[in-house]
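One structure is given here, and the rest of the page talks about it.
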Amino acid sequence: MPTTEPTIEAVLAGRPVTREDVLAWETKRMNEAAVKIGLPVPTGELARRRAAFADAKLDLGPDEIRRRLARDIRRADWVARTSTRLSRGRRVTSTCDLFVTGAGTAADFLAWFGDVGRDDYAHSMIAANPDHFLIDTAPDGRQEVVETTGGSPLATRFLVDYADTAEIVTHRDPAFPLEASGVARTGTGLAIGGVRHEFRDHADGFHAHLCVEFPRFTLPTMVTRHRMHLACEFSNWIALAFAR
């Protein structure tokens with residue numbers, strides 16, 4: 001684990017959120033996620049709990065993760081398909097801004113984030129958020145994700161194609177020269193949302209504007225609660241990327 005971390009200030013819908021608030025959310029979600037996946041609730045200080053929980057999920061393997069969450073995944077897939085059909089292409093967004101100092105550049109972070117060949121890639125992807133159950137590279141190069149999004153009671157499975165932005169509704173902001181964006185689809189190929197994560201450098205670090213698109217008919221509470229999900233995962237990824 002890093003001995004020092006960059007300073008990360010989170011702003012959710014214009015409201016500053018402390019790092020302590022994000023860590024408290026992570027602790028609570030870890031307890032709930034452990035119950036959902038049928039694993040013991042990890043103990044000890046948070047950094048050790050985070051690593052141990054990620055190890056336990058990875059030890060289960062992708063097939064067992066999918067098996068344990070199969071009922072959730074089926075129900076969530078039906079909800080996603082229904083809300084997408086009713087939304088008729090309209091989307092709502094969940095956004096979070098992170099202001100990072102004492103770190104490298106946005107390009108440094110994105111190079112780390114996209115390096116699927118890193119020895120710690122699988123562990124870092126899972127450890128960043130308790131609600132991450134599976135993040136893997138599918139045979140066609142897309143990213144397979146099984147997670148609990150926002151305030152949903154269900155774990156969902158989707159595939160993100162970072163080479164495909166055609167069906168993303170959110171326009172690029174020219175003030176942010178770098179991005180990690182892609183369409184999220186069901187296993188049958190239906191576009192159910194996407195991500196438009198944008199980045200720009202500042203004097204001693206960078207600004208990440210994180211945006212997830214949901215179907216317009218998604219419950220507002222799910223959209224609102226997903227902001228903290230974003231703050232948690234990207235804060236932890238940034239801390240890992242610049243560990244020293």
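The values are calculated or read from the model by the stated rules, or taken from the named source; none is laboratory data. Just so it is clear, the model here is predicted, and its values are computed rather than measured. As a convention, Cβ positions derive from the backbone with ideal geometry for all residues, glycine included, and neighbour counts pool all protein chains shown. Remember, those area values only see protein heavy atoms, side chains included, never the ligands or the DNA or RNA. Shrake-Rupley method; radii C 1.70, N 1.55, O 1.52, S 1.80 Å.
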Send over a whole-number figure in Å² for the accessible area per residue of segment 46-165, probe 1.4 Å.
46 Å²
In the list (1) 13.1; (2) 12.3; (3) 14.6, the entry giving mean projected area of the Cα convex hull in nm² computed from the coordinates is (2)
Pick from P130, P174, P62: which residue has the top mean-square fluctuation in a GNM of the chain where Cα pairs under 10 Å get a spring?
P174
Rank G44, T84, G114 by how far each Cα sits towards the positive end of the charge dipole of segment 1-116 (+1 on Lys, Arg Cβ; -1 on Asp, Glu Cβ) and give me just the farthest.
T84
For the chain, which whole percent of the accessible surface, found with a 1.4 angstrom probe, sits on carbon and sulfur atoms?
55 percent
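So if R0 is 35 Å, what FRET efficiency would D136 and T27 give, r being the distance between their Cβ atoms, rounded to the nearest 0.05?
With a Förster radius of 35 Å, E is 0.85.
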If each residue of separation counts as 0.36 nm, what is the full-extension length gain between A70 and A243 once their alpha-carbon separation is subtracted?
58.7 nm
Show me, for segment 142-147, the HN-Hα J-couplings you get by feeding each phi into the Karplus relation (A = 6.51, B = -1.76, C = 1.60, θ = phi - 60°), rounded to Hz, glycine and proline as x.
6, 9, 8, 10, 10, 7
Which helices pass in the chain if a helix is a full DSSP H run, must span at least 20 angstrom along its long axis by Cα, and must have mean Kyte-Doolittle hydropathy not below 0.0?
220-241
Would you calculate the separation in nanometres between label points at R200 and F99, each defined as 7 Å from the Cα along the Cα-to-beta-carbon direction?
1.4 nm
By the gyration tensor of its Cα atoms, with a ≥ b ≥ c the square roots of the eigenvalues, what is the shape of segment 106-244: rounded for a/c under 1.5, prolate for a/b over b/c, or oblate?
rounded
With every protein chain in place, the accessible area of T186 for a 1.4 Å probe, in Å² rounded to the nearest 10, comes to 0 Å²
Can you give the charge dipole size of segment 148-240 about its Cα centre, rounded to the nearest 20 debye, using +1 on the beta carbon of Lys and Arg and -1 on the beta carbon of Asp and Glu?
380 debye
Where trypsin sites (Lys or Arg not before Pro) fall in DSSP loop in segment 17-99, at most 14 other Cβ within 10 Å:
R88, R90
Relative contact order for the chain: what percent, with Cα pairs under 8 Å and sequence separation of 6 or more?
28 percent
Based on the alpha-carbon gyration tensor of segment 159-203, what equivalent-ellipsoid semi-axes (square roots of 5 times the eigenvalues) come out, in whole Å, largest first?
24, 9, 6
Report the gain in length on full extension from R90 to A111: 0.36 nm times residue separation, minus Cα-Cα distance, nm rounded to one decimal.
4.4 nm
Compute a Gaussian network model of the chain, connecting alpha carbons closer than 10 Å, and tell me which residue from P139, P40, P153 fluctuates the most.
P139
Rank T7, M222, F99 by how far each Cα sits towards the positive end of the charge dipole of the chain (+1 on Lys, Arg Cβ; -1 on Asp, Glu Cβ) and give me just the farthest.
M222
Search the structure for amide H atoms under 5 Å from the amide H of V17, placed 1.01 Å from N in the peptide plane, and list their residues when 5 or more places away or on another chain.
A10, V11, L12
Can you grab the distance from the C-alpha centre of segment 116-131 to the C-alpha centre of segment 143-183, Å, no decimals?
17 Å
In square angstrom, rounded to the nearest 10, how much accessible surface does T165 have for a 1.4 Å probe?
50 Å²
